[in-house]
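Everything on this sheet refers to the single structure shown next.
The values are calculated or read from the model by the stated rules, or taken from the named source; none is laboratory data. All values reported here derive from a predicted model rather than from experimental measurement. Glycine gets a Cβ as well: all are built from the backbone with ideal geometry, and neighbour counts include every protein chain shown. Ligands, DNA and RNA are stripped out before the accessible areas are found, and what is left, the full protein with its side chains, is counted by its heavy atoms. Shrake-Rupley method; radii C 1.70, N 1.55, O 1.52, S 1.80 Å.
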Amino acid sequence: MDIRRVRVTRVRRAAIVAAVLAATAAGCTVGDGHPPDGHSASPTGGGSRGPVLAVKIDNVGPARPQTGIGRADIIYAEQVESGLSRLMAVYATKLPPVVGPVRSARETDLELLRQFDRPTLAFSGAQSKLLPLIAEAPLDAVPPGKAPAAAYFRGSDKPAPHNLYLRPAKLGVTPQAGALAAAGVTFGARPAGGQAKNALTVRFPAARFTFNWSAQSGSWQVSMDGTRARTTDGGMLNAATVVVQYVDVRSSRFHDRSGNTSPFSDTVGVGKATVLRDGRAYDVRWERRSAADGTRFTTAADGRRMTFARGQVWVLFAER
């Protein structure tokens, strides 16, 4: 055996592994209006993806205001390290021209997204030990380096790492509104009952969401950390329906670069929820028997399916 050839092969393999990890590392950023780090990525297979696009969205102060999230069908809010929050915008009816800032994935996302039919997940990267789980999950993972050329670019409006943006049209996703049913989203007339409600605040250890009912707009005005939330491309954020889903939040096996443990929000099981719509609050029961199943929301009063007001839905995973 040629020892020199074996050494060269090992060096090449090591270089490839290092390149893949670098391209998908958490906090990965890209160049101004150009593909990440000045290189061109090749499309990952022909044809279209779909029917759902999920994008991980940065939600710390320097990342706001965000772009494109006002067009999402569902916005999930989950806890991350140090008690902060991160969003996941889900698109099943229409895609914005640009969305971001895009940030890294978490273990919570993999269980949550199982309820959709092989969704596409756009994210900046992930903790290295989580990458194999993402690769094995029944979803189409498209971080920089795996996405088609020019899908990601670096904006000039915010400092890194809060300036990674995505052009969703480059991914070939074909949205289908029917996919929302798996997440328990059933639009319909307001159920009987409920209690009049003008405002509700949901607190994470280091983040705060407030929803104020506006009869004039017929929607819930969204505030985050005490400031009215807006986007760069669509004005103020408003929700038609808000779901506060109480779940078990525990420490996962993963942590960030600073050694802070990543929380895991368990979206499988049963529990209570509060649903806001049309200026009223409803006591609701949620159920999801396995990760492969969808989520079902029923009214606590009579066990009927909880219907949502048509428009954007916010789902917040609050610790019970």
- [ ] Just need a number here: residues in region 101-115 that are over 11 Å from the mean Cα position of the chain (by Cα) and surrounded by 23 or more Cβ atoms within 10 Å (Cβ to Cβ).
- [x] 1
TODO: Just one of (1) without any contact (Cβ under 8 Å) to a residue 24 or more places away in the chain; (2) buried (at least 22 other Cβ atoms within 10 Å of the Cβ) trips up Lys170, so point out which.
DONE: (2)
Open item on the list: Quick check on my filter: what residues within region 196-207 are small (Gly, Ala, Ser) and surrounded by fewer than 19 Cβ atoms within 10 Å (Cβ to Cβ)?
Closed with: Ala196, Ala199, Ala206
- [ ] Answer yes if at least one residue in region 274-284 is open to solvent by 60 Å² or more (accessible area, probe 1.4 Å) and of a type in the set (Gly, Ala, Ser), and no otherwise.
- [x] no
Task: Identity of the residue in region 132-179, modelled with pLDDT under 95 and hydroxyl-bearing (Ser, Thr, Tyr), that ends up nearest to Ala63 (Cα to Cα) - done: Ser156
- [ ] Can you tell me which residue among Thr267, Thr210 is farther than 25 Å from Ser124 by Cβ, modelled with pLDDT of 95 or more and buried (at least 19 other Cβ atoms within 10 Å of the Cβ)?
- [x] Thr210
Task: Unique residue being under 14 Å from the mean Cα position of the chain (by Cα) and touching a residue at least 40 places away in the same chain (Cβ under 8 Å) when the list is Pro119, Pro144 - done: Pro119
Open item on the list: Just to be sure I understand, how many residues within region 64-100 are under 9 Å from the mean Cα position of the chain (by Cα) and of a type in the set (Phe, Trp, Tyr)?
Closed with: 1
Open item on the list: With in contact (Cβ under 8 Å) with a residue 40 or more places away in the chain, touching a helix residue (DSSP H, G or I) at 6+ places or on another chain (Cβ under 6 Å) and of a type in the set (Phe, Trp, Tyr) as the only criterion, which of Phe187, Phe211, Phe204 stands out?
Closed with: Phe204
Open item on the list: If a residue must be part of a helix (DSSP H, G or I) and either over 19 Å from Met88 (Cα atoms) or in contact with a Phe, Trp or Tyr (Cβ under 9 Å, 6 or more places away or on another chain) (or both), how many such residues does region 147-176 contain?
Closed with: 2
Open item on the list: From the list Val102, Val98, exactly one residue is among the β-branched types (Val, Ile, Thr), closer than 25 Å to Ala318 by Cα and in contact with a Phe, Trp or Tyr (Cβ under 9 Å, 6 or more places away or on another chain). Which is it?
Closed with: Val102
Open item on the list: When you check Arg190 against the structure, is it part of a strand (DSSP E or B) and either basic (Lys, Arg) or open to solvent by 40 Å² or more (accessible area, probe 1.4 Å) (or both), yes or no?
Closed with: no
- [ ] State whether the residues of region 242-264 include one that is closer than 17 Å to Leu200 by Cβ, open to solvent by 40 Å² or more (accessible area, probe 1.4 Å) and at pLDDT 95 or above.
- [x] yes
- [ ] Kindly provide the set of residues from region 143-159 that are within 20 Å of Gln66 (Cα to Cα) and either open to solvent by less than 60 Å² (accessible area, probe 1.4 Å) or in contact with a His (Cβ under 6 Å, 6 or more places away or on another chain) (or both), ordered by number.
- [x] Pro143, Pro144, Ala150, Ala151, Tyr152, Phe153, Arg154, Gly155, Lys158
TODO: Looking only at region 228-240, decide whether some residue is closer than 15 Å to Trp314 by Cβ, without any contact (Cβ under 8 Å) to a residue 12 or more places away in the chain and outside any loop (DSSP other than H, G, I, E, B).
DONE: yes
